[in-house]
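Data first, discussion second: the structure below is written as structure tokens.
The values are calculated or read from the model by the stated rules, or taken from the named source; none is laboratory data. These numbers come from a predicted model, not from an experiment. Note that we place each Cβ from the backbone using ideal geometry, even for glycine, and neighbour counts take in every protein chain shown.
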Amino acid sequence: MTEQRFDSVWDALENSPAEAANMKARAGLMIAIRDAMDGWQLSQAEAASRLGVTQPRINDLLRGRIDKFSLDALIILATQAGLTVEWRVGKPAA
């Protein structure tokens, strides 16, 4: 058995670099939104109202149910949470 090393868990789990990049972006957005919500000190229902979604949707986010969120949906939630979303595109380091 050979040992493999990966830069992230997504690189190990996903079938392609593109799928891994998508999951990394989604995970990062979910963490940022959750951190913003933590600062509000609101109930899930109040946070949902503030973000314009349902309480069960907030529960999915807080429980890390990444499969329930598209990248587009998370960008919208992040901006609703008052966050600025910026992307950097470049070639991988050699």
Of the residues in the range 32-57, those that are touching a residue at least 24 places away in the same chain (Cβ under 8 Å) and either outside any helix (DSSP H, G or I) or acidic (Asp, Glu) (or both) come to GLY52, VAL53
If we keep only residues of the range 1-31 that are part of a helix (DSSP H, G or I) and over 27 Å from THR84 (Cα atoms), then the residue modelled with the highest pLDDT is LEU13
Of the candidates ALA81, ALA73, ALA36, the one satisfying the condition of being modelled with pLDDT of 90 or more and in contact with a helix residue (DSSP H, G or I) (Cβ under 7 Å, 6 or more places away or on another chain) is ALA81
